Structures are given as C-alpha cells and as structure tokens.
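The block underneath contains the structure these notes are about, expressed in structure tokens.
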Amino acid sequence: MPRRRLVYLLAVVVMLGQMAFAMVTTAVQQTPTIDEPVYLATAEVYTQQHSLRFNPEHPPLGKLIMAAGLAFEDVRELDPAYPGSQTALGRHLLYESGNNPFRLLLAARLPMILLTLLFGLVVLAFARDLAGPAGGLLALALYAFSPDVIAHGSLATLDVPAAGMLLTAFWLAWRGRERPYRYLPLAGVALGAALATRASTLPAVPLLVLLAALSMWVSATRRRLPAAAGALIGTGLIAVAVVWVVYLAVDPHLRWTPPPDLPHPGGLTGLAVDWLPFPQAYRDGLLKQLQLEQKAYNGFLLGHGYRGNLWFYLPAAMLIKTPLGALALWAAGALTMIFLPRLRAAALYLLPVSAVLLVVAMTGSRDYGSRYAIFLPFFLAVAAGTVALIEVRWVRITAAVLALFVAVSSLRTFPYYLPYSNEAFGGTANTHRNLHDSNVDWGQDLARLAHKLRTDYPGEQVWLVYKGSGVPAYYGIDASDPYTVPDDQVHGLLVLSDSRVALAGVRLRGLIATSTEIDHVGYSMRIYRRP
C-alpha cells in the first residue's frame with residue numbers, strides 16, 4: 001500500500017476511532033433519556049408479540065435496529081395484555097421486570113453507534129466524490145467531531161439513523177449520474193429506510209425522486225424522458241415497498257386498530273395523509289404526530305421561557321450547539337458549491353434538502369432541541385468538504401485550522417456531549433442558561449447524581465425535582481419531593497434538573513431564591529443548599 005494511502009487510511013481510522021470511543025463512553029455512562037425507554041419497550045413488543053400497537057407515531061425500522069441489539073440480552077417476557085401507556089411500559093421493562101437497565105440500554109445503543117460510524121463513511125465517500133481525498137477528510141472531521149452527532153448517535157433514538165439514511169439516499173442518487181441502474185434502486189432503498197424510521201423525512205421524498213430522474217437524464221444517451229420518468233417512478237416505488245416490508249416484518253398480518261381518540265384533520269392535510277401509499281398504521285402514526293403538533297408546549301431560549309413556538313428557535317439552537325469552526329465551514333462550503341460552476345449540479349443533492357427540512361422543522365410546535373435539525377451536520381459536512389477544491393493556500397490553511405478548532409472544542413466537552421454549546425455562548429457549562437430539554441437535560445444523569453451524592457454528600461437530606469424517565473430510587477437516590485411539604489420544611493440539598501430550573505414556576509423560583517447553588521451534575525442538574 002502506498003505511503004500516502006496508508007496515512008489517509010490512518011487518518012480515517014483515528015477520526016472514527018475517537019468518535020467510537022466517545023460514543024461508547026457516553027452510552028455506558030448515561031442513564032435513560034426521556035424517549036429511550038419507550039423505544040426499547042416497543043422494540044421488545046415487536047419481537048415478542050409482533051404487534052404495532054405501541055409508539056405508532058414513529059415507524060418501526062429504528063426500533064427494529066435496537067431490537068437487533070436487544071436480541072443478545074435475556075429480556076424478560078412482557079405481558080401482551082399490559083394495560084399501561086407506552087411510557088409506563090418502558091419504565092416497567094427497565095425497572096420492574098427484573099431486567100438490568102444498564103445492559104438493556106447499552107445493547108440497544110450499540111447498533112445505533114455502529115450505524116453512526118457507518119454514516120461517517122458515507123460522509124467521507126460523498127465528499128470524496130465531490131472534492132477528492134482532502135475534501136473527504138475535511139468533511140469526516142466535521143462529522144466525527146460533531147458534539148450533536150456524537151451525543152445523539154450514542155442513544156437508542158431515531159434522529160441520527162433517519163438523517164444518515166437520508167444522506168445515504170442522496171449520495172446514491174448522486175452516484176446514479178454515472179451508473180443509474182446500480183445506484184438509483186439503492187437510493188430508493190435508503191429513502192425507504194429513512195421513511196420507515198421517521199416520518200419527518202417525508203418532505204425529502206419529492207426532492208429525491210426528482211434528483212433520481214435528473215441523474216437518469218444526465219446518464220442516458222437516448223430516450224431520456226422515458227428513462228427519467230422511469231427512474232422517478234421506480235425510485236419512489238422502491239421506497240414505498242421498503243416501508244411496507246418493514247411493517248410486514250413486525251406483523252405479517254398487519255393487525256392494527258386505530259386509537260379511539262385519533263382525530264382526522266380533514267381538508268388538504270387529511271386528504272394528503274389518506275393518499276399516502278403506506279400501511280394504515282403508518283398513516284395513523286402520522287395523524288398522531290399532527291395531533292401532537294396542534295398542542296402548545298413550553299419553550300426556553302436565551303434565558304427566557306415562553307409558551308408556544310418561535311420560528312427562529314431551531315436556527316438559534318444550531319448556532320449555540322454547533323462548533324464555531326463547523327459553522328464557518330458549513331457556510332463556506334455552501335457558498336463554494338453555489339459559486340463554483342463544476343459544483344452547482346452537486347449542490348442540488350445537498351443544499352435544497354437541507355433547506356427544506358430545516359424550514360419544515362422550524363414550523364414544528366415543539367422547541368425541544370437541535371436534534372430536530374440533526375440532518376444539518378450530515379449534509380453540510382459534505383458541503384464543507386468542497387472548500388478543499390479552492391486552490392488558494394490561505395483558504396486551505398484556514399479550513400484546516402477551523403477543523404482543528406472543531407476537534408478541540410469537541411474533545412473539551414468529553415464526555416458531556418449532550419449539553420454542549422460553543423465558546424461564543426459560554427461553552428458546555430453555560431448551555432442551561434440558553435436552552436433546555438434535549439439540548440442539555442434529557443434525564444441522562446441519574447447515575448452520575450447517585451455517585452456524587454454518595455461520595456460528596458453522604459447522609460444529607462435530598463430534595464429532588466427531576467425531569468426524565470429514569471427511576472431515581474433504582475440508582476440508590478433517596479430523595480423527597482419538595483412539592484409535598486411546605487417550603488419551610490425543605491432543608492438540605494435541593495437537586496433540580498436544569499429544564500425544571502429553566503421553566504420554574506413561582507414556588508420553585510422561591511425555593512431557588514432562598515438557596516445557594518453549590519454544585520452541578522453532568523452540566524444537566526444543579527445542586528443547591530437550602531438552610
């Protein structure tokens with residue numbers, strides 16, 4: 001192997017190796033985030049009972065991938081007639097069934113970690129196709145050191161796999177310009193996998209099938225219009241078939257009873273859902289999502305709580321939670337693709353989908369986290385790689401320095417990737433001042449809290465206001481609820497999840513005002529002392 005190729009391979013291995021180490025470390029140390037128990041329980045219902053009745057608002061593929069990891073654990077059988085909600089079922093699986101929640105979580109998280117690493121190879125390959133070996137390494141560096149990707153790639157959730165499968169679909173559609181009959185069917189498979197993981201990828205469908213038609217048009221030497229039309233229809237049909245196969249893999253009989261409280265929106269929205277060529281369970285799950293979008297939720301941005309949603313919330317969250325070097329390179333890459341003539345065709349496979357998905361996500365009613373725009377570190381890392389094509393020495397040096405800054409910023413937050421924010425907003429220690437929920441505090445630090453209380457505050461009275469799906473007592477946390485007694489009886493340690501602090505009501509604000517902050521846990525929980 002030539003020396004240069006060996007050095008290149010070593011660089012790829014080092015970047016993905018540190019990413020793997022960071023994700024595995026994070027996966028081992030963190031207790032369940034809010035969504036994970038629901039997904040794990042649903043995955044077990046899929047494999048044990050072949051039923052679609054739980055968590056219908058999200059398609060099954062991501063949870064089936066988790067089930068592949070859970071298959072290596074001796075998971076206790078769940079009651080087919082379990083009467084509780086999906087949230088209660090998740091708690092029952094982890095804490096009330098005799099299972100080891102640490103082992104189950106890790107087993108479900110490991111397949112997601114592996115997928116996240118494989119998507120790094122897609123980022124590398126896509127950028128290398130566009131900008132050569134140097135562009136591939138630059139893109140991979142931004143991806144492999146992205147705190148958001150590391151944080152959510154180490155969890156048993158659906159955001160990263162959906163984004164990665166979507167990027168794979170657009171990369172394969174790009175490759176279809178050279179070999180359409182090899183790559184366009186695979187693009188349809190990847191698109192179907194994205195749709196079968198999260199319905200939020202639906203807005204990308206028209207773009208992908210049109211680009212598949214464009215790729216066929218470019219590659220065809222005769223009868224271009226029929227060939228392009230065939231590629232458009234064929235790619236879409238393959239994606240639809242993949243969704244059906246995923247649902248049939250869970251339940252070959254597709255037994256499904258619509259929830260009794262599921263409203264139909266009517267109008268054009270209802271008609272569009274009814275006409276989707278997917279199983280009824282998929283369409284009803286989409287109706288469930290639309291139902292959730294009709295509600296008003298509490299938000300928190302830049303130190304201010306509010307009710308409802310802010311249209312600029314997601315761009316602001318991405319500005320806070322993306323390394324400064326990555327923001328600069330994303331912008332430089334997008335401009336490079338727009339203004340460099342040989343990249344304008346490739347820009348169609350990266351920039352419109354990023355913009356469309358971001359605009360759609362910005363209309364959502366839940367201002368809960370940058371994870372709703374997790375596709376940006378995937379697509380824009382590839383775009384950033386094209387900066388390597390600018391044959392100006394200072395540009396290439398600047399790009400390398402910015403990538404190094406990204407790596408340093410990411411390494412400095414290890415192993416606290418979930419609450420990361422960049423240096424312009426005070427770094428990880430100050431994220432709780434600007435954002436809440438899955439940006440900083442998703443219930444992930446119960447085990448760390450238990451360790452700190454045992455080692456630093458043994459025997460002290462603890463009052464806990466926790467936001468999350470974990471069970472504090474399981475981790476040995478003996479705490480009382482301050483809301484169950486008058487304020488003048490709350491003495492000792494007051495431990496609060498940062499999301500509770502951000503949206504504190506009158507009574508909790510009073511407790512905080514009469515306490516002194518003395519410590520923190522994982523940058524997601526505050527410890528106060530109240531005399």
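The values are calculated or read from the model by the stated rules, or taken from the named source; none is laboratory data. Computed from a prediction, not measured in an experiment: that's the story for all the values here. Using ideal geometry, Cβ is built from the backbone for each residue, glycine included, and neighbour counts are taken over all protein chains shown.
Computed values, structure above
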{"quantity": "Selection count where residues are among the small types (Gly, Ala, Ser), over 34 Å from the mean Cα position of the chain (by Cα) and in a helix (DSSP H, G or I), scope the stretch 486-510", "calculated": "1"}
{"quantity": "Out of 138, 172, sole residue that is without any contact (Cβ under 8 Å) to a residue 24 or more places away in the chain and closer than 23 Å to residue 343 by Cα", "calculated": "172"}
{"quantity": "Answer from 509, 500, 526 - the residue that is loosely packed, with under 14 Cβ neighbours inside 10 Å and under 25 Å from residue 298 (Cα atoms)", "calculated": "509"}
{"quantity": "Hits in the stretch 439-453 - residues which are in a helix (DSSP H, G or I), in contact with a strand residue (DSSP E or B) (Cβ under 7 Å, 6 or more places away or on another chain) and crowded, with 22+ Cβ neighbours inside 10 Å", "calculated": "449, 453"}
{"quantity": "Restricting the stretch 367-397 to residues that are surrounded by fewer than 17 Cβ atoms within 10 Å (Cβ to Cβ) and not aliphatic (A, V, I, L, M), the residue that is modelled with the lowest pLDDT", "calculated": "391"}
{"quantity": "The stretch 362-407, residues that are more than 15 Å from residue 143 (Cα to Cα), under 27 Å from the mean Cα position of the chain (by Cα) and not in a helix (DSSP H, G or I)", "calculated": "363, 364, 365, 366, 367, 368, 369"}
{"quantity": "Residues satisfying the stated conditions in the stretch 419-438, i.e. in contact with a strand residue (DSSP E or B) (Cβ under 9 Å, 6 or more places away or on another chain) and under 11 Å from residue 499 (Cβ atoms)", "calculated": "432, 435, 436, 437"}
{"quantity": "Verdict on residue 76 being over 17 Å from residue 95 (Cα atoms), over 18 Å from the mean Cα position of the chain (by Cα) and basic (Lys, Arg)", "calculated": "no"}
{"quantity": "Of all residues making up the stretch 249-290, the number that are surrounded by fewer than 16 Cβ atoms within 10 Å (Cβ to Cβ) and assigned to a loop (DSSP other than H, G, I, E, B)", "calculated": "15"}
{"quantity": "Residues being closer than 23 Å to residue 22 by Cα and either part of a loop (DSSP other than H, G, I, E, B) or touching a Lys or Arg at 6+ places or on another chain (Cβ under 6 Å) (or both) - total across the stretch 149-182", "calculated": "8"}
{"quantity": "Hey, residue 481 surrounded by fewer than 16 Cβ atoms within 10 Å (Cβ to Cβ), under 23 Å from residue 506 (Cα atoms), modelled with pLDDT of 95 or more and in the same structural domain as residue 516 (by TED's automatic domain parsing) or not", "calculated": "yes"}
{"quantity": "Helices (runs of 4 or more DSSP H) fully within the stretch 302-360 counting 2 or more residues that are within 20 Å of residue 151 (Cα to Cα)", "calculated": "313-321, 324-339"}
{"quantity": "Answer residue from the stretch 34-89, given it is in contact with a helix residue (DSSP H, G or I) (Cβ under 7 Å, 6 or more places away or on another chain) and among the β-branched types (Val, Ile, Thr) and is surrounded by the most Cβ atoms within 10 Å (Cβ to Cβ) among those", "calculated": "42"}
{"quantity": "Residue count, the stretch 35-61 (criterion: within 20 Å of residue 289 (Cα to Cα), of a type in the set (A, V, I, L, M, F, W, C) and part of a helix (DSSP H, G or I))", "calculated": "5"}
{"quantity": "Positions within the stretch 511-531 being in a loop (DSSP other than H, G, I, E, B) and more than 17 Å from residue 31 (Cβ to Cβ), in sequence order", "calculated": "514, 515, 531"}
{"quantity": "Residue 127 vs. criteria surrounded by 18 or more Cβ atoms within 10 Å (Cβ to Cβ) and not in a helix (DSSP H, G or I)", "calculated": "no"}
{"quantity": "Restricting the stretch 90-112 to residues that are out of contact with any Pro (no Cβ under 8 Å at 6 or more places or on another chain) and crowded, with 24+ Cβ neighbours inside 10 Å, the residue that is farthest from residue 351 (Cα to Cα)", "calculated": "104"}
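Residue-wise test of (1) in contact with a helix residue (DSSP H, G or I) (Cβ under 9 Å, 6 or more places away or on another chain); (2) over 25 Å from residue 281 (Cβ atoms); (3) touching a residue at least 24 places away in the same chain (Cβ under 8 Å).
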position: 190; (1), (2), (3): yes, no, yes
position: 207; (1), (2), (3): yes, yes, yes
position: 217; (1), (2), (3): yes, yes, no
position: 243; (1), (2), (3): yes, no, yes
position: 249; (1), (2), (3): yes, no, yes
position: 252; (1), (2), (3): no, no, yes
position: 260; (1), (2), (3): no, no, no
position: 267; (1), (2), (3): no, no, no
